[in-house]
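Colleague: Handing you this structure, nothing more for now.
Derivation of every value follows stated rules applied to the coordinates shown; laboratory data play no part. Everything quoted here is computed from the prediction, not taken from an experiment. We place every Cβ from the backbone using ideal geometry, glycine too, and count neighbours over all the protein chains shown.
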């Protein structure tokens, strides 16, 4: 059985399961649409990457839409488009974190374009953000919650993405600021640290596109 057939069978089963669950219970009231879809891991972990352009198969988006889904979440590692010199050293510097390699964002452009083409809402998420990741956080050269340099880099990346996709509508692209933020704990992150960082990033995005989700 080909990998394409296996993947299609899995998605078909998932579609049926979601449909059954939706019929079994009334949808809760929510200001947002009840999107249904999948994580797509093209930009998930840069440490496993060989430095080549990231392949974005259009067939994935076509298949998801054909099966009745309307949502894709894109967890991203910002190291993909940061200064590529870390590929040799395996370490990213604070200066390298804000040096953007535009070519590596072309794959994200394709994701957004395919999402629009197949009427799939695209949720962009920083799985690894400047200064924080739920996995292997020690790889980061600074702390998002306590280092101003990391906070500034985080805001800069989201402002850059907001400007890059400012032509998209809120029902086409949303921005999920950070994956699995930590629970507050002394010496690492306080509630105020979290509020400050998220507020700055949200304000930077909304300055570019006021109605962005």
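Colleague: Cα axis of helix 3-24 to longest principal axis of the chain: angle in degrees, 0 to 90, nearest 10?
Modeller: The answer is roughly 80 degrees.
Colleague: Turning to a different aspect of this structure: If I stretch the segment between residue 147 and residue 39 completely, what's the gain in nm (0.36 nm per residue apart, minus their alpha carbon distance), one decimal? Display every interim value, and only then the final one.
Modeller: Values: separation 108, 0.36 × 108 = 38.88 nm, distance 3.00 nm.
Contour length minus Cα-Cα distance gives 35.9 nm.
Colleague: Quick one: if you take sqrt(5λ) for each eigenvalue of the C-alpha gyration tensor of region 96-213, what semi-axes come out, biggest first, whole angstrom?
Modeller: Values: eigenvalues 133, 47, 34 Å².
Ellipsoid half-lengths, sorted descending, are 26, 15, 13 Å.
Colleague: Right, something else. Please give the FRET efficiency for residue 32 paired with residue 58, using the beta carbon to beta carbon distance and R0 = 35 Å, rounded to the nearest 0.05.
Modeller: Between residue 32 and residue 58 the formula returns 0.85.
Colleague: Here's something else I'd like to know. May I ask you to list the residues of region 112-148 whose amide nitrogen lies under 17 Å from a point 7 Å from Cα along the Cα→beta-carbon direction of residue 192?
Modeller: It comes to 145-148, nothing else.
Colleague: Mind putting together the pair-distance distribution for region 155-213? All Cα pairs, 10 Å bins, whole percent per bin, short to long.
Modeller: 22, 47, 23, 8, 0
Colleague: Also, I was wondering about something else. Would you mind ranking 110, 90, 117 so that the residue whose beta carbon has the fewest other beta carbons within 10 Å leads the list?
Modeller: 90, 117, 110
Colleague: Could you work out Rg/(2.2 N^0.38 Å) for region 27-127, with Rg from alpha carbons only?
Modeller: The value comes to 1.22.
Colleague: May I pose another question? Using 1/(1 + (r/R0)^6) with R0 = 25 angstrom and r between the beta carbons of residue 208 and residue 113, what's the FRET efficiency to the nearest 0.05?
Modeller: After rounding, the FRET efficiency stands at 0.85.
Colleague: Something else: Helix 148-164: angle to the longest alpha-carbon principal axis of the chain, degrees 0 to 90, nearest 10?
Modeller: 40
Colleague: Extension gain residue 136-residue 166, at 0.36 nm per residue separation less the Cα-Cα distance, in nm?
Modeller: Length gained between residue 136 and residue 166: 7.6 nm.
Colleague: How far is helix 191-208 tilted, in degrees, relative to the longest principal axis of the Cα atoms in the chain, given as a value from 0 to 90 rounded to the nearest 10?
Modeller: For 191-208 against the chain, the angle is about 70 degrees.
Colleague: With runs of 4+ DSSP H residues as the only contributors, calculate the mean residue ellipticity of the chain at 222 nm using -39,500 (n - 2.57) per run, divided by the residue total and rounded to the nearest 500.
Modeller: -12500 deg cm²/dmol
Colleague: Diagonalise the Cα gyration tensor of the chain and give the resulting equivalent ellipsoid semi-axes, square root of 5 times each eigenvalue, largest first, whole Å.
Modeller: 30, 21, 17
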